[in-house]
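To start, the structure itself, in C-alpha cells.
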Amino acid sequence: MTKTLITYCSHNGSTRRMAEAMLVGVKELGFDQAKLIECDKVMAQDFIDADAIIIGTPVKMGGIDHKLKAMIDTVMASLWIEDEIVGKVAGCFATGGGFGKAGAGVEVTMISLANVLLEMGLVYVPLPKNTVGFDKGGLQWGAYALSANENMCPKEISVDSLNVAKTHAQNIVRVASCVSQYRPFMNNRIA
C-alpha cells in the first residue's frame, strides 16, 4: 500500500485547505495510509516511511515560508546527508496573494520547492496542462491557489484550485504506487 506524507505550513488556513483537499484526493483513490502533518511537527521517520511526499507553503516575500524552510534545513537536510529518501516520489503546491493570476511569487516559490525535492533525489511529479482546471489553479510545478487579493486581504480558496490540488495529489500517488517498489537511484551509491 502506498504511503503518503503531506506536509505544509499555513498561517491563515489557505495552505492547510489545499493540503486537506490533497488528502481527500489521495483517500478517494483508496490510499488510506496518508498523513497530513504541519511542517513544524513532521519528523524524519515520517519522510522515511512515505512513498509519496507532498510539500506545500504559502508564499512569503516571494519565497518559501520560514517555518517550512526550517523543516527543510533541519529534518530534510539530515535525510539528504544519509540518502534516506532518494528515489521516493514527490510534488509541491503553494498559495499566494497580491498581484498576478497566481499571486506574486507563486512560480518562484514552487520552483524553489521543486529544486529542494530534486536535490533530495526524489522523483518529481509535475502538473500537466491537460489537468482539468489547470488554467484556474495549476502551473507545471504543481497546484496553487490565490489566497489574498491585490491589497493582501485574505480571500477564500476557489473550488477550482481545491480540485486541481486533489488531482495533483492523485497523480503523485499514482506515480508513487508504480515507482515505490523499485526505489530508483538506490544503486548509485559512491563507493
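Bear in mind that the values in this text are calculations on the coordinates, not laboratory data. In this text the structure is predicted, and so the values were computed from the model without any measurement. Here the Cβ is made from the backbone with ideal geometry for all residues, glycine too, and neighbour counts use every protein chain on show.
Using DSSP to call loops (not H, G, I, E or B), can you name the GluC sites (Glu not before Pro) in segment 1-109 whose Cβ has at most 11 other Cβ atoms within 10 angstrom?
Passing sites in segment 1-109 are Glu82.
If you take the charge dipole of segment 74-188 about its Cα centre, with +1 on Lys and Arg Cβ and -1 on Asp and Glu Cβ, which of Phe93, Ile81, Ala104 is farthest toward its positive end?
Phe93
Using only helices, what value at 222 nm comes out for the chain when you add -39,500 (n - 2.57) per DSSP H run of length 4 or more and divide by the total residues, to the nearest 500 deg cm²/dmol? Present the calculation step by step, with values, prior to reporting the outcome.
Numbers: 7 runs with 71 residues, N = 191.
Taken over the chain, the calculation gives -11000 deg cm²/dmol.
To the nearest 20 debye, what charge dipole does the chain have about its Cα centre, counting +1 at the Cβ of each Lys and Arg and -1 at the Cβ of each Asp and Glu? Can you show the working numbers first?
Details: 18 positive and 19 negative charges, 55 e Å.
In total the dipole reaches around 260 debye.
By DSSP, what percent of the beta bridges with both residues in the chain are antiparallel, rounded to the nearest 5? Write out the running numbers ahead of the final one.
Values: 5 of 30 bridges.
Around 15 percent of the beta bridges assigned by DSSP in the chain are antiparallel ones.
When the distances between all Cα atoms of segment 1-157 are binned every 10 Å from zero, what whole-number percent does each bin get?
The distribution over segment 1-157 is 12, 43, 35, 9, 0, given as percents.
Which value, in debye to the nearest 20, gives the size of the charge dipole of segment 17-114 about its Cα centre, when Lys and Arg are +1 and Asp and Glu are -1 at the Cβ? Write down the numbers at each step before the final one.
On the way: 9 positive and 14 negative charges, 96 e Å.
With only Lys, Arg, Asp and Glu charged at Cβ, the dipole is about 460 debye.
Write down the percent of antiparallel bridges among all DSSP beta bridges whose residues are both part of segment 1-96, to the nearest 5. Intermediate values should be presented prior to the final figure.
Numbers: 2 of 19 bridges.
Of those bridges, close to 10 percent are antiparallel.
Which of these, Met71, Met110, Met61, has the largest mean-square fluctuation under a Gaussian network model of the chain (Cα springs below 10 Å)?
Met61
Loop-only chymotrypsin sites (Phe, Trp or Tyr not before Pro) in segment 64-160, please: DSSP not H, G, I, E or B, and at most 15 other Cβ atoms within 10 Å. Provide the component values of the computation, followed by the final result.
Numbers: sites: Trp80, Phe93, Phe99, Tyr124, Phe134, Trp141, Tyr144; in loops: Phe99, Trp141.
Loop-located and lightly packed - Phe99.
Using only Cα atoms, tell me the angle between helix 106-119 and the longest principal axis of the chain; keep it within 0 to 90° and round to the nearest 10.
0
For segment 1-108, run through the trypsin sites (Lys or Arg not before Pro) and keep only the ones in DSSP coil with at most 15 other Cβ atoms within 10 Å of their Cβ. Please list the in-between numbers first.
Details: sites: Lys3, Arg16, Arg17, Lys27, Lys35, Lys41, Lys60, Lys67, Lys69, Lys88, Lys101; in loops: Lys3, Lys41, Lys88, Lys101.
Hits after loop and neighbour filter: Lys41, Lys101.
Evaluate Rg over Rh across segment 77-191, taking Cα atoms for both radii and Kirkwood's formula for Rh.
On the way: Rg = 16.0 Å, Rh = 15.1 Å.
That ratio equals 1.06.
List residues of segment 1-23, by number, whose backbone nitrogen lies under 20 Å from a label position 7 Å along Cα→C-beta of Cys178.
Counting backbone N atoms under 20 Å from the label point, the list is 1-5.
Which one of Ile37, Thr7, Leu146 has its Cα pushed farthest toward the positive end of the charge dipole of the chain, where Lys and Arg give +1 and Asp and Glu give -1 at the Cβ?
Leu146
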